[in-house]
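Here is the structure we will look at.
The values are calculated or read from the model by the stated rules, or taken from the named source; none is laboratory data. Predicted model only: the values in this text are computed from it and were never measured. Cβ placement follows ideal geometry from the backbone for every residue including glycine, while neighbour counts extend to all protein chains displayed.
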Amino acid sequence: MKLPPALILFFCLFLTACHTFATPKPQSRTLTIFAAASLTDAFTEIGTAFESFNPGVTTTFNFAGSQALQTQIEEGAPVDVFASASGREMDALVTGNFVAAEAAQVFLTNELIVILPADNPAMLGSLEDLAKPGIKLVFASEEVPVGKYTRQALDLMDTSFGHGFKDMVLANIVSNEENVKQVVTKVQLGEADAGIVYVSDSIAGSNLNSIGIPANLNIAAKYPIAPLVKSKNAELAAQFIEFILSAEGQAVLAKWGFAPAKKF
């Protein structure tokens, strides 16, 4: 059966219109997030969830010590969002006009814990044992937020356990690492008898034992997050931070051992 020319023309116009008004493919966009190494597991999971809610969006992460990330941003690295493990690095970026002061906000807290290899070869069972002569300790360096917090906690322990405790602990350090994940790795590999990391890292790590640090001897780390002033994806950066602060984002953070943000 031969179709009339007018009908053929109608179908051609119809198909053309369908093609013209078809749902456009989501625009491909990449959001670059610089985040403290301790956020690796939680932010990776959050990034996957954020992508599922935003078709066409890819989240790219750079995880490292907060101080190293600060330096990279100051040297011109293209970044949309920065999440630090302490306010010091964020404050420096505010001073340098990389971040707007009103944009930075604390979005979670974290605390310290002592981690041990699974077999605990040094037979450590208390915080006081960190001062035993001859044991091998791995800490983060003083420039890294967790390293700074560790030494602040040692100041509290020095008051509680007796003057000289901190010096005895520091004498047992065999390595100072550039980020918290390196401390975890060395303890897991048995290259150290103990290390001090965040609670979140003890949860993320495997083959570890731990010794808790009571609240009166612990340090609450406050993590700030902010979009960068020169972000090329300002709206998307704001959406990511909003997702982090949402009930779903906070639930993921809690799963990995972080505490909810508090009003300070």
List the number of the failed condition for Ser246; all other conditions in (1) free of Cβ contacts under 8 Å to residues at least 60 places away in the same chain; (2) not assigned by TED's automatic domain parsing to the domain that holds Ile33 hold. (2)
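Can you pull out the helices (runs of 4 or more DSSP H) entirely within region 1-111 that have at least 3 residues that are under 21 Å from Asn233 (Cβ atoms) and modelled with pLDDT of 95 or more? Break it down stepwise before answering.
Numbers: elements: 5-20, 40-53, 66-74, 87-95.
The helices (runs of 4 or more DSSP H) meeting that bar are 40-53, 66-74, 87-95.
With the structure loaded, tell me whether Asp158 is more than 24 Å from Ala259 (Cα to Cα), acidic (Asp, Glu) and touching a residue at least 60 places away in the same chain (Cβ under 8 Å) or whether it fails that test. Steps first, answer last, please.
Details: more than 24 Å from Ala259 (Cα to Cα): yes; acidic (Asp, Glu): yes; touching a residue at least 60 places away in the same chain (Cβ under 8 Å): no.
For Asp158, the condition - more than 24 Å from Ala259 (Cα to Cα), acidic (Asp, Glu) and touching a residue at least 60 places away in the same chain (Cβ under 8 Å) - is not met.
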Scan of region 159-186 for residues that are over 19 Å from Gly134 (Cα atoms) and among the acidic types (Asp, Glu), ordered by number: Glu177, Glu178
Checking Lys230 against (1) assigned to a loop (DSSP other than H, G, I, E, B); (2) surrounded by 17 or more Cβ atoms within 10 Å (Cβ to Cβ), the condition it does not meet: (2)
For region 137-174, name all the residues that are touching a Lys or Arg at 6+ places or on another chain (Cβ under 7 Å), assigned to a loop (DSSP other than H, G, I, E, B) and of a type in the set (D, E, K, R). Glu142
Qualifying positions in region 238-263 - surrounded by 19 or more Cβ atoms within 10 Å (Cβ to Cβ) and farther than 12 Å from Thr109 by Cβ: Phe240, Ile241, Ile244, Gly249, Val252, Trp256
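Okay, residues lined up against (1) in contact with a helix residue (DSSP H, G or I) (Cβ under 8 Å, 6 or more places away or on another chain); (2) assigned to a loop (DSSP other than H, G, I, E, B); (3) farther than 20 Å from Lys136 by Cα:
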{"site": "Ala192", "(1), (2), (3)": "yes, yes, no"}
{"site": "Val197", "(1), (2), (3)": "yes, no, no"}
{"site": "Ile203", "(1), (2), (3)": "no, no, yes"}
{"site": "Asn209", "(1), (2), (3)": "no, no, no"}
{"site": "Lys222", "(1), (2), (3)": "yes, no, yes"}
{"site": "Ile225", "(1), (2), (3)": "yes, no, yes"}
Sole residue being under 29 Å from Ile241 (Cα atoms) and touching a residue at least 60 places away in the same chain (Cβ under 8 Å), chosen from Ile115, Ile46: Ile46
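One line per residue, one yes/no per condition, for (1) of a type in the set (A, V, I, L, M); (2) at positive phi; (3) crowded, with 17+ Cβ neighbours inside 10 Å:
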| position | (1), (2), (3) |
| --- | --- |
| Glu51 | no, no, no |
| Gly56 | no, yes, no |
| Gly65 | no, no, yes |
| Ala77 | yes, no, no |
| Ser84 | no, no, yes |
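Can you find a residue in region 194-209 that is surrounded by fewer than 16 Cβ atoms within 10 Å (Cβ to Cβ), in contact (Cβ under 8 Å) with a residue 24 or more places away in the chain and more than 12 Å from Ala153 (Cα to Cα)?
Within region 194-209, the subset surrounded by fewer than 16 Cβ atoms within 10 Å (Cβ to Cβ) is 206-207.
Going one step further and asking which of them are in contact (Cβ under 8 Å) with a residue 24 or more places away in the chain, we end up with 207.
Restricting the remaining residues to those that are more than 12 Å from Ala153 (Cα to Cα) gives 207.
There is at least one residue in region 194-209 that is surrounded by fewer than 16 Cβ atoms within 10 Å (Cβ to Cβ), in contact (Cβ under 8 Å) with a residue 24 or more places away in the chain and more than 12 Å from Ala153 (Cα to Cα).
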